[in-house]
Amino acid sequence: MNNYGLATIHQFLGDRVVYRNLAPLDESLPGLDDLRSRVGLSPGVFPRKTEAAYAQVVVHMLAAARDQDAPSVPIRRLIFIGDTRLLDGTAFVNLCAAGGWPGIAFIGSETKSDPSVEAVPTGQGPWLYLSNRWAALLAFDRYCQSQGLPVDEHAAVIVDLDKTALGARGRNGNVIDQARLQAVQDTLASLLGTAFDMGAFRAAYEPLNQPEFHPFTGDNQDYLAYICLILGAGLYGRETLMADVRSGRVDAFTQFIADVEAHKTNLPRELEEIHAEIYANVQRGDPTPFKAFRRNEYLTTIRRFGCGDDTAPVEKLLNEEIVITHELLAIAQTWRERGALLFGLSDKPDEAALPTPELVAQGYPSLHRARTHAVGE
């Protein structure tokens, strides 16, 4: 593994990046609000990555981008680079269906096992190319060519950002998790003050973050952070809440926050405002209701970009810094030179990826423009 120096995601994606709110950073492209009527979405509804409506919105964005670059060159195939078979695989299949394209998705997750790749059908036409080495991206490029799906001017390439282009899963992804956990801790410590108990927080956060409780938390870090805040305030007992979830007495986050709202007079006065804000955001259908937490996540994440010394051992960079996946950076630049359309997707909330106006004035960049080390084989 080598350090290839500082780079940015912007080098190969430009501003053709969208985060959770589906608002392209390239403002010349249509965003979700421009496309709602075309895909039948009501105001205030934000489709998630695995939903068909999400794919339909992204396909319209791809078409607009292609029309800007080469209006006479149609998109004929889709290439997807991601890190999770279920989440990214589902998004990929939906995108192929929405665009009417054949395609292949590279799904990477580095392991200590011997290198392996496996091409598997999705059952719906497109194929998944599963690999336990990010270095297999070069072989994947050759595989696409051999399957009659070359990555050229007729290809649209979707690049997942989190734990793919940045913090590659199995190699560097833990640093992304560390940044998010630090943001939860910082936010709760600020709100709870002297009532914040690190041991009690970890005892709640760690089990509630497991798949067993995903039906309750929605696998949503905003919901989980809020639940830990309410537990830290003493409004509920951790063991009692877990028992109620396991028994089905509490089966959804919306039920939990509605109960807090019904008993909000029991909240410490200093939490009344933050509860009211989060409750109102949930009622509006906002998938990112805990804004204070997500703004802290931006700070704890950006501080892990390019924070290592250029001469630091690679292992130290991988353990402490969020780095760019060099193999992806290299092949993406090659694909771009061939005329492929590249586009970045992230399910990270916009508040956790983009600086506030005040931070912009101080020189803080959005994550895709932040310089950090590129590491790979």
Q.
Using Cβ contacts closer than 10 Å as the measure, can you line up T240, T300 from fewest to most?
A. T240, T300
Q: Indicate, rounded to the nearest 5 percent, the antiparallel portion of the DSSP beta bridges found entirely in the chain.
A: 30 percent
Q: Take every Cα pair under 8 Å in the chain that's 6+ residues apart, average their separations, divide by the length, and report that relative contact order as a whole percent.
A: 27 percent
Q) So what's the gap between the Cα centers of segment 140-186 and segment 296-357, to the nearest angstrom? A) 10 Å
Q.
Neighbour counts of other C-beta atoms within 10 Å: give me M61, M1 arranged from fewest to most.
A. M1, M61
Q) To one decimal place, what Kirkwood hydrodynamic radius in Å is obtained for segment 174-298 from all pairs of distinct Cα atoms? A) 14.5 Å
Q. What ranking do 288-297, 106-115, 31-40 get when scored by the average of other Cβ atoms within 10 Å per residue, highest first?
A. 288-297, 106-115, 31-40
Q.
Taking Cα extents along the principal axes in Å straight from the coordinates, which label in (i) 55, 44, 42; (ii) 64, 52, 45; (iii) 66, 44, 39 is the correct one?
A. (ii)
Q | Rounded if a/c under 1.5, otherwise prolate or oblate - segment 317-358, Cα gyration tensor axes | A | oblate
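Rule-based calculations on the coordinates, nothing more; no lab input. Just so it is clear, the model here is predicted, and its values are computed rather than measured. Backbone-built Cβ (ideal geometry, glycine too); neighbour counts: all protein chains shown.
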